[in-house]
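Coordinate-derived values only; no laboratory data. Because the structure is predicted, anything quoted here is derived from the model rather than measured. Positions of Cβ are generated from backbone atoms using ideal geometry, with glycine treated the same way; all protein chains shown enter the neighbour counts.
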Amino acid sequence: MVRNIISVSSLKKDFIVGEVTVHALRSVNLNITEGEFVAIMGTSGSGKSTMLNILGCLDKPTEGTYLLDGIDVSTLSKNELARLRNLKLGFVFQSYNLLPRTSALENVELPLFYNDSVKPRERRERAIAALGAVGLEDRMHHMPNQLSGGQQQRVAIARSLVNDPVVILADEATGNLDTRTSYEIMALFQELNAKGKTIVFVTHEPEIAGFTTRNVHFRDGNIIKENLVTNRGSAREMINAMPMEVDS
Amino acid sequence: MNITNLSKIALNALLRNKFRAFLTMLGIIIGVASVIAMLAIGEGSKKSIQDQISSMGSNLVMVMPGTQMMGGVQQGNASSKALDIKDVKAIRQDCPSVSAVSPEVRGGGQVVAGGNNWPTTFYGGDVNYLDIKKVEVKAGRMFTEQEVASAAKVCLIGQTVADNLFGNEVDPVGQTIRFKNIPVRVIGLLEEKGENTFGMDQDDLLIGPYTTVQKRILAVTHINAILSSAVSEDATTQAVAEITTAMRASHKLSEGEDDDFQIRTQAELVSTFSSISDILTTLLGAISAISLLVGGIGIMNIMYVSVTERTREIGLRMSIGGRGLDILMQFLIESILLSVIGGIIGILLGVTASAVIGNLTGWPIAVMPLAIIMSFLVCTAIGIFFGWYPARKAAGLNPIDALRFE
Ligand SMILES: Nc1ncnc2c1ncn2[C@@H]1O[C@H](COP(=O)(O)OP(=O)(O)OP(=O)(O)O)[C@@H](O)[C@H]1O
Ligand SMILES: [Mg+2]
C-alpha cells in the first residue's frame with residue numbers, strides 16, 4: 001500500500017490586508033505519496049508559495065484539513081509544529097538562507113541542534129554524511145561567502161536532508177541560479193528522489209518541472225491541472241550533453 | 001532543546017560578530033570597572049582615615065576651650081575661658097574612667113641649629129603625653145617628672161625637624177637647638193608617623209615638658225588643650241560625661257550655663273570622617289552605576305537591532321524546528337553572555353585600575369569583594385532585564401513572517 005505523505009482537502013487560505021481579502025488558496029485538494037517528486041507550477045501570485053508554506057507548517061490554513069504523514073496538523077500547538085518541522089520536514093529556499101560566517105558543516109548541523117535526542121557526535125557524523133550526499137565533503141569548513149551560489153544551495157539541501165525528513169519542500173530552489181547550475185541542483189534532487197525521498201518543488205519553469213514525476217498547476221488559488229510527467233528528463237544527462245564552455 | 005546546545009548557538013552567534021559584541025560589552029566593561037574602582041577608592045580613603053585617626057589613639061578624649069555665646073553672638077575662642085593646669089588636676093582626681101591626662105601647650109616658631117633653621121611647632125605635655133598620643137621614642141629617652149617640675153630646657157625631636165637641622169650624618173640626640181632663641185637640649189628622637197590623611201606632616205614637631213613650653217618659651221600660664229585617655233574605647237562615653245562634670249565644677253559653671261569648653265573624642269572624629277567618605281563613596285558609586293545602566297541600555301539597543309537584523313535567521317531557525325522558547329533562550333543567553341563576559345572583563349579591569357590608582361596615589365585601595373559579587377549579579381540581571389524584551393520580540397515572531405522579512 002502506498003503511504004500518503006501529504007493529504008490536503010478543501011484547503012483555503014485568505015489574507016486580509018486592510019479592507020481587502022486576498023483568496024490566496026480557494027479550495028485545494030492534493031495527495032502526495034511516498035517517493036513522489038512533485039512540481040507545483042503556476043504564474044506569479046497563483047498561490048504556490050502560500051501552498052508550500054502551509055505544507056511546511058510555517059503558516060496555518062484558514063480552512064480545510066492537512067494530514068502530514070498521517071498527523072492532523074491543525075490540532076497541533078506552535079511547539080508541536082516546531083517539533084514536526086524538526087523531525088519530518090526539510091526546507092530549501094530560493095535565497096539559500098544559510099547563516100553567514102558559519103561553516104557549511106555547522107549550517108548543516110543546525111537542525112539537529114534543535115533535536116535533544118541527537119548527541120554531538122552523531123550530529124557531526126550525520127552532517128558530514130549529508131554534505132557527502134550533496135558532494136561537498138571537501139567544502140565542509142568553508143563559509144557561505146566562500147562558496148558559489150550552486151554550492152550554497154547544495155549546503156542548504158544537505159541541511160534539509162540531515163534530519164532525514166519524510167518530505168523536502170523547495171520553493172524556487174533554482175530561482176537564483178544559472179541554467180547549468182540549476183540542472184546540477186535538479187540532478188541532485190533526482191538522485192535523492194531515486195533513493196526514495198519525497199520532494200515537493202515549486203517552480204514556474206516548465207523545463208525544471210520536466211525533471212519531476214508529477215506537475216500540479218495552480219491558477220488564482222486553485223489547482224487547474226495535474227499531470228504525470230511521461231518522458232522525464234535526466235538532469236545529469238542534460239548537463240553532460242551541454243557544451244563545457246557555455247556556462248549560462 | 002537543552003541549555004548546552006542553546007549556549008553553543010548563542011556563543012556562535014556572538015562570535016560571528018566579535019567586534020560588535022566587544023563594542024556592546026564596552027559599556028558594561030566601563031560601567032563595572034568604574035563601579036569597582038570608585039568603590040575601592042572610596043572604601044580605601046575611608047579605611048585610611050580610620051586608620052590614621054585610630055593610630056592617634058582610639059580612646060583619646062580631648063578637651064579644648066569652647067566658644068561662648070553672649071546674647072546669641074558667637075564670641076570665638078578668644079573670649080572663652082582658657083584652660084589651665086587646674087582643670088587637668090580636676091580631671092585626674094574626679095574621673096575614674098580616665099586612665100591618663102596630660103595638658104597640651106603649643107607654639108610655633110623658628111628652630112635653629114648650627115647654620116640650619118626650620119619653622120616648626122613646639123608641643124608641651126606631661127610625662128605621659130607620648131603614651132596618650134601613641135607616639136614612640138626611637139632613640140634617646142622621654143623627659144622625666146623632675147624635668148617637668150623644673151621646666152628643664154629639654155625636648156624630643158620629630159624626624160622632619162631632625163632631617164632639616166642635622167641631615168643624616170649627625171645624631172640629633174644630645175645636640176642643643178635654639179627655639180625662638182632659647183637653647184633647648186635634644187634628649188630623644190621620635191618614631192616617624194608620616195603624613196596623616198589630611199596631608200599634615202606628623203613628624204614636623206618638637207615635644208617637651210609643658211612647663212618648659214609655658215614658662216621658658218611662650219611665657220603663658222594657660223594650656224591649649226587637655227589630652228586624656230579613657231580606660232578603654234568603650235568607656236569613652238562615660239569618660240566624656242565624667243570630664244564634663246569635672247570641667248563644669250572646675251570652671252564653676254552654674255546649672256543653666258553652657259559649657260565653656262568642648263570635648264572631642266577620637267571615636268567621634270572617626271565616625272564623622274567615615275560618614276563623609278561614605279557619602280563620597282555612595283556618590284561615586286551612584287555615578288558609576290549610571291554608567292552601568294547606560295551600558296545595559298547599550299546591550300538592549302544592540303539586541304533590538306540584532307533581532308531585527310536577524311529576523312530571517314530567526315525565521316530559518318523556526319523553520320528547522322526552533323521553538324519560540326528556543327529563540328527566546330538564545331537571545332536571552334546572548335545578552336546574558338554579553339553582560340556577564342563584559343562584567344568579568346570589567347571586574348578585572350576595575351581591580352587592575354584600583355591597584356594602579358592605589359600605586360600612583362599611595363592611597364590604600366580596598367577592593368570590596370561585595371562590590372565584585374554585586375557587579376556580577378547586576379550584570380546578569382542587566383543581561384536578563386535588557387535581553388528579555390528583544391528576546392520576547394524574536395520569540396513571538398511568526399515563522400513565515402520572519403522568513404519573508406526583508
Ligand atoms: N502575507 C501575505 N499577506 C497578504 N497577501 C499575501 C501574503 N502572502 C501572499 N499573499 C498574496 O497571496 C497571493 C499568492 O501569493 P504567493 O506568494 O503564494 O504566490 P506565488 O505563486 O508564490 O507567486 P511567485 O511565483 O511570484 O512567487 C498573492 O496574491 C499574494 O499577493
Ligand atoms: Mg512564490
Exercise for the section: Please find the FRET efficiency linking A:SER95 to B:ILE287, where r is the Cβ-Cβ separation and R0 is fixed at 60 Å, and quote it to the nearest 0.05. Expected result: 0.80
Handout entry: Spin-label zone in region A:173-214 - amide nitrogen under 12 Å from a point set 7 Å from the Cα of A:ARG3 along the C-beta vector
Key = A:196-198
Completion exercise
For region B:344-406 the chymotrypsin sites (Phe, Trp or Tyr not before Pro) that pass both the DSSP coil test and the at-most-15 other-Cβ-within-10 Å test are B:PHE405
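Taking the Cα centre of region B:67-259 as origin, sum charge times position over the Cβ atoms of Lys and Arg (+1) and Asp and Glu (-1), and report the length of that vector in debye to the nearest 20.
840
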Practice task
Can you tell me how much longer the chain between B:ASP171 and B:ARG404 gets when fully stretched, taken as 0.36 nm per residue apart minus their C-alpha distance, in nm with one decimal?
Solution key: 74.7 nm
Practice task
Could you give the size of the charge dipole of the protein assembly as shown about its Cα centre, using +1 on the Cβ of each K and R and -1 on the Cβ of each D and E, expressed in debye and rounded to the nearest 20?
Solution key: 1200
Completion exercise
In order over region A:228-237: 3J(HN,Hα) from phi, Karplus 6.51/-1.76/1.60, θ = phi - 60°, whole Hz, x for each Gly or Pro, gives 7, 7, 7, 9, 5, x, 9, 4, 4, 5
Exercise for the section: Name the residues whose placed amide hydrogens come within less than 5 Å of the amide hydrogen of B:VAL61, ignoring near sequence neighbours (fewer than 5 apart) on the same chain. Expected result: B:SER228, B:SER229, B:ALA230
Practice task
May I ask which residue of B:ILE30, B:ILE341, B:ALA235 lies farthest towards the positive end of the charge dipole of chain B, with charges of +1 (Lys, Arg) and -1 (Asp, Glu) on Cβ and the Cα centre as origin?
Solution key: B:ILE341
Handout entry: 10 Å Cβ neighbours from other chains, averaged over peptide B:395-406
Key = 3
Completion exercise
In order over region B:83-93: 3J(HN,Hα) from phi, Karplus 6.51/-1.76/1.60, θ = phi - 60°, whole Hz, x for each Gly or Pro, gives 8, 9, 5, 4, 4, 4, 5, 4, 5, 4, 7
Problem - Qualifying GluC sites (Glu not before Pro) in region A:1-78, DSSP loop, other Cβ atoms within 10 Å at most 11 - result: A:GLU19
Practice task
Report the chymotrypsin sites (Phe, Trp or Tyr not before Pro) located in region B:127-208 that are in a DSSP loop and have at most 11 other Cβ atoms inside 10 Å of their Cβ, or state none.
Solution key: B:PHE198
Fill in the blank from the handout: Excluding residues fewer than 8 positions from B:LYS134 in its own chain, the lysines with Cα under 26 Å of it are B:LYS46, B:LYS47, B:LYS86, B:LYS89, B:LYS153, B:LYS193, B:LYS215
Completion exercise
For chain B, longest principal axis from Cα atoms; helix B:369-395 axis from its Cα atoms; angle between them, nearest 10 degrees, is 20
Practice task
With only Lys, Arg, Asp and Glu charged, each at its Cβ (+1 for the first two, -1 for the last two), find how big the charge dipole of region B:146-214 is about the Cα centre; round to the nearest 20 debye.
Solution key: 480
Exercise for the section: Could you state the angle between the C-alpha long axis of helix B:266-309 and the longest principal axis of the C-alpha atoms of chain B, as a value from 0 to 90 degrees rounded to the nearest 10? Expected result: 10
Fill in the blank from the handout: Under 5 Å from the placed amide H of B:LEU189, counting only residues 5+ away or on other chains, we find B:LYS138, B:ALA139, B:GLY140, B:ARG141, B:ILE157
Practice task
Work out from phi, with θ = phi - 60° and the Karplus expression 6.51 cos²θ - 1.76 cosθ + 1.60, the ³J(HN,Hα) of each residue of region A:40-48, listed in order in whole Hz, and give x for Gly and Pro.
Solution key: 9, 10, x, 6, 4, x, 7, x, 4
Exercise for the section: Of the DSSP beta bridges with both residues in the protein assembly as shown, give the percent that are antiparallel, rounding to the nearest 5. Expected result: 70
Handout entry: Net charge of neighbours whose Cβ lies under 12 Å from the Cβ of A:LYS60, counting Lys and Arg as +1 and Asp and Glu as -1
Key = 0
Exercise for the section: Give the shape of chain A as rounded, prolate or oblate, defined through the alpha-carbon gyration tensor: a ≥ b ≥ c are the square roots of its eigenvalues, a/c under 1.5 means rounded, and otherwise the shape is prolate if a/b is larger than b/c and oblate if not. Expected result: oblate
Completion exercise
For chain B, whose charge dipole is built from +1 on Lys and Arg Cβ atoms and -1 on Asp and Glu Cβ atoms, the candidate among B:LEU165, B:LEU269, B:ILE372 with its Cα farthest towards the positive end is B:ILE372
Exercise for the section: Report the full-extension gain for the segment A:MET242 to A:ILE224: residue separation times 0.36 nm, less the Cα-Cα distance, to one decimal in nm. Expected result: 3.1 nm
Exercise for the section: For A:GLY64, list long-range residues whose amide hydrogen, built 1.01 Å from N in the peptide plane, is under 5 Å from its own amide hydrogen. Expected result: A:LYS12
Practice task
Can you tell me the FRET efficiency between B:GLN110 and B:ARG141 if r is taken as the Cβ-Cβ distance and R0 is 25 Å, rounded to the nearest 0.05?
Solution key: 0.45
Problem - Counting DSSP beta bridges with both ends in chain A, the antiparallel % (nearest 5) - result: 55
